[in-house]
Every structure is written in structure tokens, then in C-alpha cells.
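The values are calculated or read from the model by the stated rules, or taken from the named source; none is laboratory data. From a predicted model like this one, the values you see are computed outputs, not experimental measurements. Here the Cβ positions follow ideal geometry from the backbone for every residue, glycine too, while neighbour counts run over all protein chains shown. Just so you know, the surface numbers come from the protein's heavy atoms only, side chains and all, with ligands and any DNA or RNA stripped out. Shrake-Rupley method; radii C 1.70, N 1.55, O 1.52, S 1.80 Å.
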Amino acid sequence: MLASLVIGCTVAMAEERPPAVSVVTAGTSVMTDRVHFVGSLVAREESVVKVDLADVRIVSVEAEAGDIVQRGDVLARLDATLISIEQSANAARLARADAVIKQVESQIEDAALAHVQARADMERSKQLSARGFTADETLELRQTMLKRAASALALAKQSLGVAQADRRVIVAEGQEIAARLARTVIAAPTDGRILRRSAKLGALTSANAEPLFVIAENGEIELDAEIPEADFARLAVGQAAGIVVLGRGTPLEGRVRLLAPELQAGSRLGRARISIPQAGSLSVGAFARGEVDIERRGGVFLPATALSDRAGRVTAQVVEDGTVVIRILETGLRTAGLVEIRSGVEAGETVVLRAGNFLAEGDHVTPVGVDYPMATSSERPILTSDAVQ
């Protein structure tokens with residue numbers, strides 16, 4: 001009889017005990033709102049080295065992909081034999097033109113003297129004719145000779161103009177030949193690192209061929225990132241970024257340099273250029289991930305599972321003295337499974353870990369504390385190898 005009473009009392013106490021629920025304590029931490037992105041490494045500015053000499057053989061290649069070059073360094077040389085022959089022929093024509101000019105100048109001097117002499121003879125004939133000592137025929141002859149001397153002088157001067165014009169043409173041809181000869185030496189147009197080399201010994205050049213060399217100006221490498229529209233709108237030029245290149249464990253520091261003024265029509269992705277001052281020997285085309293810190297804020301945080309969104313209101317089930325109380329919350333940043341609580345719950349209060357419909361306002365529960373990590377993205381490395389994978 002006594003045993004039956006004990007068993008009945010135990011069953012009654014078990015039935016009266018409130019149900020157990022998992023709860024967490026609202027904690028304080030620091031949260032960083034970050035924009036994540038992926039992309040490829042590219043040269044900030046590419047300098048293309050081409051030649052406009054067609055069908056000229058490459059006789060030497062003096063630079064390789066990966067070489068660091070300075071402006072003016074010789075990268076390759078072209079066969080200059082035929083152009084050198086043209087230059088020699090041009091020099092001979094120029095010397096001949098100079099000789100012709102000197103000859104015409106001498107003719108001008110002779111024609112000028114003849115013109116002076118003819119004018120003097122005509123003046124004397126005029127004086128003698130006025131005194132009756134010279135026949136009219138002689139005066140007419142002197143006038144004719146003066147006209148011929150003037151014509152000869154004018155013709156000599158015209159010949160000098162033609163000879164000088166011919167010389168200018170030859171000089172211009174020489175300058176063009178010299179320019180072509182200079183282009184047989186392929187030099188680096190800027191300081192930087194050679195990204196690609198297509199120049200091959202013995203190959204013939206073509207204006208339509210691919211560039212002989214492609215140089216990353218000043219060796220500057222940056223990340224060309226694609227970012228979803230919502231996150232792209234939160235970026236600004238000058239923001240700091242952390243970048244991890246696949247295969248390199250140490251994050252690199254970067255900075256947002258450029259934001260494209262338009263989104264891609266199909267994907268609605270925005271493009272951003274992230275400068276990397278410590279790029280060093282990074283390979284163009286390598287895959288990389290990055291993060292930009294948008295905002296960093298401290299406050300009260302709860303697991304996202306503790307929140308419920310009903311009819312546009314975010315609520316949490318707070319346990320006060322074993323009784324469930326529904327609180328309406330104002331939330332902020334969300335990251336790493338945590339939500340910033342701006343109002344509605346204070347630090348240290350007990351909250352049901354998993355909000356659901358099985359509990360209602362005023363229900364009695366037995367809280368069972370559960371440890372929940374309150375670490376946010378700001379307390380973790382910028383990127384880990386797991387994130388890269």
C-alpha cells in the first residue's frame with residue numbers, strides 16, 4: 001500500500017514538471033558587416049608591343065615572359081638589312097642633290113654677272129645713241145641681250161628652287177627610312193613586367209598578328225571582382241579589402257580603386273577593381289577571393305534560430321522565471337549565424353534557442369542552457385583555406 005502511494009506521488013510530480021527547452025543567453029560581441037566577392041587577378045594597365053613593319057624577320061629575342069623591364073630596354077630585333085641598303089641609297093641621292101644645288105647656285109652667280117654686264121652695256125648704248133654715235137640697231141641689240149640675261153637669271157633661280165625641293169623630298173624619304181630602321185629595334189614602351197611573349201626567332205612580322213609582347217605597366221596587379229548588385233551598392237572607392245589568392249595562405253591587403261559605372265545586363269553583377277600594393281610575383285589570371293569591411297559595430301547578439309518573423313514582426317521567446325514571454329525585436333546586422341539586437345532583448349537575458357510554434361506566451365518551461373558560439377566574422381581570419389575551397 002505504501003509503495004503504491006510513493007509511485008503515484010512520483011508520477012504526479014513528473015506530470016507537473018514544465019517541459020525542458022534549450023535556451024541561450026543573449027551576449028555582447030562585435031560584428032563586422034562584410035561584402036564578399038570573387039574574381040581574377042589582372043594587370044592594372046596593359047601595354048601592348050606591336051610593330052607596323054610587315055614581312056620583316058625577327059633576328060633576336062632578348063626578353064622573356066616574367067622579366068622585369070624598364071622603358072627603353074630592348075626586347076627584340078628585326079632584320080634591318082634591306083632598310084640599311086635603302087638608307088645608303090638615300091644618302092647617295094642626298095649627296096647628289098647637294099651637288100646639284102651647288103652647281104645651280106654657281107649658274108645663278110654667272111647669270112647675275114651676265115645680267116649686270118648686259119644692263120651696263122644697254123645704258124652705254126642709250127647714252128651714245130642720244131649723242132648720235134650709235135645706231136638704233138645697236139641699242140635694240142643691247143636691250144635684247146639684257147632681256148636674255150634677265151631670263152637666264154630667273155631660270156637659274158627657278159632651277160635652284162626645284163633642286164632644293166628635290167632635296168627636301170630626299171630628306172623626308174631619309175627620315176622615313178630612319179624611322180623604319182629605328183622600329184627594327186623593339187623596345188619596352190614602359191616600365192613593368194612582361195606578361196606574354198609571342199615573338200619567335202625567325203618569324204615574319206605582320207600588322208595583323210598578335211602583339212609581340214604584353215607588359216603590365218609598372219608591374220601593378222589588381223583583382224577584377226564580380227559583386228552582386230545588392231552588395232555592390234554598398235561599396236565605395238578607397239575601402240580596405242582583404243584578399244586571398246588560391247594557393248597562397250597569407251591574406252593580402254587591398255583597396256577598392258574603381259567601381260564600374262554600370263552593371264552587367266544579364267547577371268546584374270557589378271565589377272570592381274581592387275588594387276594590391278604587395279602583388280609581387282602574383283600570376284595574372286589567378287583566382288582570388290576577397291572581403292571588404294562595410295561596417296563594424298558592437299552590441300547584443302542572438303542566434304538567428306532564436307528569432308521568428310511573423311506578419312512582418314521579428315520576435316524572440318524570452319524566458320522569465322520559467323515563463324515564456326514574446327518580445328518584439330528591432331534587428332540590425334546579420335552575419336555568421338548571428339543577428340544584432342538593437343532593442344527588445346538585453347544582454348544576459350535567457351532566450352529560447354529555436355523559436356517555434358510549440359510555445360506560446362505564458363507557457364511554463366524548464367530552461368536548459370546551451371553554449372552557442374558568439375564569435376562573429378570580425379573575430380575570425382579574413383579568409384580560411386576552407387572558405388577558399
Worksheet entry | Subset tally (residues that are assigned to a strand (DSSP E or B) and closer than 30 Å to Leu246 by Cα) for segment 50-83 | 2
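Among the residues of segment 239-256, write down those that are open to solvent by 30 Å² or more (accessible area, probe 1.4 Å) and free of Cβ contacts under 8 Å to residues at least 40 places away in the same chain. Lay out the reasoning, then the answer.
Filtering segment 239-256 down to residues open to solvent by 30 Å² or more (accessible area, probe 1.4 Å) leaves 239-240, 246-253, 255.
Matches in segment 239-256: Gly247, Arg248, Thr250, Leu252, Glu253, Arg255.
Could you go through segment 232-246 and let me know if any residue there is within 22 Å of Arg196 (Cα to Cα) and not polar (S, T, N, Q). Walk me through how you get there before you give the answer.
Going residue by residue through segment 232-246, those that are within 22 Å of Arg196 (Cα to Cα) are 245-246.
With the extra rule that they be not polar (S, T, N, Q), the set shrinks to 245-246.
The answer is yes; a qualifying residue exists.
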Item to complete: Restricting attention to segment 164-203, report how many residues are more than 17 Å from Leu82 (Cα to Cα), free of Cβ contacts under 8 Å to residues at least 12 places away in the same chain and hydrophobic (A, V, I, L, M, F, W, C).
Response: 3
Discussion item. Can you say whether Glu210 is part of a strand (DSSP E or B) and closer than 30 Å to Ser283 by Cβ, as far as the supplied structure shows?
Written reply: no
Practice prompt. Tell me which of these Ala216 doesn't satisfy, since it passes every other one: (1) touching a Leu at 6+ places or on another chain (Cβ under 8 Å); (2) open to solvent by 40 Å² or more (accessible area, probe 1.4 Å); (3) under 14 Å from Glu45 (Cα atoms).
Written response: (2)
Worksheet item: In this structure, is Glu291 out of contact with any Asp or Glu (no Cβ under 6 Å at 6 or more places or on another chain), loosely packed, with under 14 Cβ neighbours inside 10 Å, in contact (Cβ under 8 Å) with a residue 24 or more places away in the chain and not hydrophobic (A, V, I, L, M, F, W, C)?
Response: no
Practice prompt. Looking only at segment 80-99, decide whether some residue is basic (Lys, Arg) and at pLDDT 90 or above.
Written response: yes
Worksheet item: Does segment 175-196 hold any residues that are assigned to a helix (DSSP H, G or I) and either exposed (fewer than 14 other Cβ atoms within 10 Å of the Cβ) or of a type outside the set (Val, Ile, Thr) (or both), and which are they?
Response: Gln175, Glu176, Ala178, Ala179, Arg180, Leu181, Ala182
Worksheet item: In segment 30-64, how many residues are at pLDDT 90 or above, open to solvent by less than 60 Å² (accessible area, probe 1.4 Å) and closer than 18 Å to Ile194 by Cβ?
Response: 9
Practice prompt. Check segment 279-297 and report whether any residue there is at pLDDT below 90 and within 25 Å of Gly369 (Cα to Cα).
Written response: no
Item to complete: Check off (1) buried (at least 16 other Cβ atoms within 10 Å of the Cβ); (2) under 30 Å from Ser88 (Cβ atoms); (3) not aromatic (Phe, Trp, Tyr) for Ala165 and give me the number that stays unchecked.
Response: (1)
Item to complete: Return only the number of the condition from (1) open to solvent by 80 Å² or more (accessible area, probe 1.4 Å); (2) under 34 Å from the mean Cα position of the chain (by Cα) that Lys157 does not satisfy.
Response: (2)
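Can you tell me how many residues in segment 257-284 are β-branched (Val, Ile, Thr) and either part of a strand (DSSP E or B) or open to solvent by 80 Å² or more (accessible area, probe 1.4 Å) (or both)?
Here the count works out to 1.
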Worksheet item: Which residues, counting only those in segment 322-355, are β-branched (Val, Ile, Thr) and part of a strand (DSSP E or B)?
Response: Thr323, Val324, Val325, Ile326, Ile328, Thr331, Thr335, Val339, Ile341, Thr350, Val351, Val352
Worksheet item: Got a sec? Which of Ala130, Ala172 is exposed (fewer than 14 other Cβ atoms within 10 Å of the Cβ) and at pLDDT 80 or above?
Response: Ala172
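Restricting attention to segment 294-321, report how many residues are outside any strand (DSSP E or B) and open to solvent by 20 Å² or more (accessible area, probe 1.4 Å).
The total comes to 5.
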Discussion item. Quick check on this structure: which one of Ala209, Ala199 is open to solvent by less than 30 Å² (accessible area, probe 1.4 Å) and among the aliphatic types (A, V, I, L, M)?
Written reply: Ala199
Worksheet item: Which ones in segment 299-321 are touching a residue at least 40 places away in the same chain (Cβ under 8 Å) and either closer than 15 Å to Gly348 by Cα or in contact with a Gly (Cβ under 7 Å, 6 or more places away or on another chain) (or both)?
Response: Gly299, Val300, Phe301, Leu302, Pro303, Ala306, Gln317, Val319
Worksheet item: Out of (1) at pLDDT 90 or above; (2) in contact with a Lys or Arg (Cβ under 8 Å, 6 or more places away or on another chain), what's the single condition that is false for Ile108?
Response: (1)
